[in-house]
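Just so it is clear, none of the values below were taken in a lab; they were calculated from the coordinates. These numbers come from a predicted model, not from an experiment. In this analysis, Cβ positions are derived from the backbone assuming ideal geometry, glycine residues included, and neighbour counts consider all displayed protein chains.
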Amino acid sequence: VKNSGKLNRFSADIKLMFSMLRDYWKGSYRDIPWKSIAAVAGALIYVMNPLDFIPDLIIGFGFLDDAGVVALCLKLVESDLHKYAAWKEVKEGGGQSTQAD
């Protein structure tokens with residue numbers, strides 16, 4: 001998993017989820033159903049909580065349940081997360097297209 005790039009993608013998705021929650025909380029991004037926000041918040045709280053189904057201290061297995069919860073959440077909110085990523089890219093890029101005409 002380390003060498004496949006899946007870990008990097010997983011990490012990037014979690015960072016994007018945190019960013020989306022932050023922008024939602026600040027009120028700068030509200031184009032998302034509340035169920036998606038609740039799913040993302042719940043998944044991130046579960047991941048950050050050291051007392052979960054399989055304790056994170058168990059080396060090798062402790063993060064399997066965390067990965068499963070985040071993977072399920074990503075499956076549920078994937079389209080909303082893609083919309084947010086596109087919105088964020090436009091916002092950070094100043095609304096200018098980076099593609100050649």
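Listed values, structure above:
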{"read-out": "Neighbourhood net charge (15 Å Cβ-Cβ; Lys/Arg +1, Asp/Glu -1) for Glu78", "value": "+2"}
{"read-out": "For region 35-43, Karplus couplings with θ = phi - 60° (6.51, -1.76, 1.60), whole Hz, Gly/Pro x", "value": "5, 5, 4, 5, 5, 5, 4, x, 5"}
{"read-out": "Label-point separation in nm, Lys83 to Ile45, each point 7 Å along Cα→Cβ", "value": "2.3"}
